[in-house]
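Structure, as structure tokens:
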């Protein structure tokens, strides 16, 4: 039976206190980023204009979420040396930060003893999970919603451990 998965706007607009996002892949193949990523690979340049067509909807969503008093945090577990895709993400993460997200990076080797869920996720108010599923090539394979208390506890504990070990974006240097 197909599940009705709310959009990111609906998800974050519904958050009352916290929205945390854990990313654990070294590469994503999301169709909406393909042209920008290819440009980055050719030139080393990345769209960092918060008013661009690419960024404006996300920046507006984060700003209105944070303006309501919701804490929005993102943590990324990455292999080092980092992949080209992580370089691409890092090159524009300041846009996320300027919009109001807090972002930290954790080297995968420092996460070996953390119990992690099998998928990237958003956890809203420590109770609602949006699992982000991806194909082996990194394309989006849809989302799934869960309110399972045990899964929410796993996500919350995993995120907090990654967050506590992570390096704030302003201090994380890629080589």
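The values are calculated or read from the model by the stated rules, or taken from the named source; none is laboratory data. Every value quoted in this text rests on a predicted model; they were computed, and no experiment measured them. In this analysis, Cβ positions are derived from the backbone assuming ideal geometry, glycine residues included, and neighbour counts consider all displayed protein chains.
Do we find that residue 103 is buried (at least 20 other Cβ atoms within 10 Å of the Cβ), modelled with pLDDT of 95 or more and within 17 Å of residue 159 (Cβ to Cβ) in this structure?
Numbers: buried (at least 20 other Cβ atoms within 10 Å of the Cβ): yes; modelled with pLDDT of 95 or more: yes; within 17 Å of residue 159 (Cβ to Cβ): yes.
For residue 103, the condition - buried (at least 20 other Cβ atoms within 10 Å of the Cβ), modelled with pLDDT of 95 or more and within 17 Å of residue 159 (Cβ to Cβ) - is met.
Let's see how each residue does on (1) out of contact with any helix residue (DSSP H, G or I) (no Cβ under 7 Å at 6 or more places or on another chain); (2) more than 23 Å from residue 172 (Cβ to Cβ):
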residue	(1), (2)
70	yes, yes
79	no, no
88	no, no
108	yes, no
125	yes, yes
128	yes, yes
133	yes, yes
Looking only at region 106-128, filter to residues that are under 25 Å from residue 46 (Cα atoms) and over 12 Å from the mean Cα position of the chain (by Cα); which one of those is surrounded by the most Cβ atoms within 10 Å (Cβ to Cβ)?
106
For region 10-29, indicate whether the set of residues that are over 20 Å from residue 158 (Cβ atoms), without any contact (Cβ under 8 Å) to a residue 60 or more places away in the chain and more than 18 Å from the chain's Cα centre (by Cα) is non-empty.
no
Output for region 13-47, where each listed residue is modelled with pLDDT of 95 or more, assigned to a helix (DSSP H, G or I) and closer than 22 Å to residue 139 by Cα
37, 38, 39, 40, 41, 42
Considering region 84-124 alone, what residues qualify as being under 17 Å from residue 163 (Cα atoms) and in a loop (DSSP other than H, G, I, E, B)?
100, 101, 111, 112, 113, 114, 115, 116, 117, 119
Exactly one condition in (1) in contact (Cβ under 8 Å) with a residue 60 or more places away in the chain; (2) assigned to a loop (DSSP other than H, G, I, E, B); (3) surrounded by 13 or more Cβ atoms within 10 Å (Cβ to Cβ) is false for residue 75; which is it?
(2)
If I ask for residues that are outside any strand (DSSP E or B) and closer than 30 Å to residue 34 by Cα, which ones from region 125-157 would you list?
135, 136, 137, 138, 139, 155
Of the residues 147, 173, 157, only one is under 18 Å from residue 19 (Cβ atoms) and over 17 Å from the mean Cα position of the chain (by Cα); which?
147
When you scan region 129-154, how many residues do you find that are touching a residue at least 40 places away in the same chain (Cβ under 8 Å), within 21 Å of residue 62 (Cα to Cα) and crowded, with 17+ Cβ neighbours inside 10 Å?
2
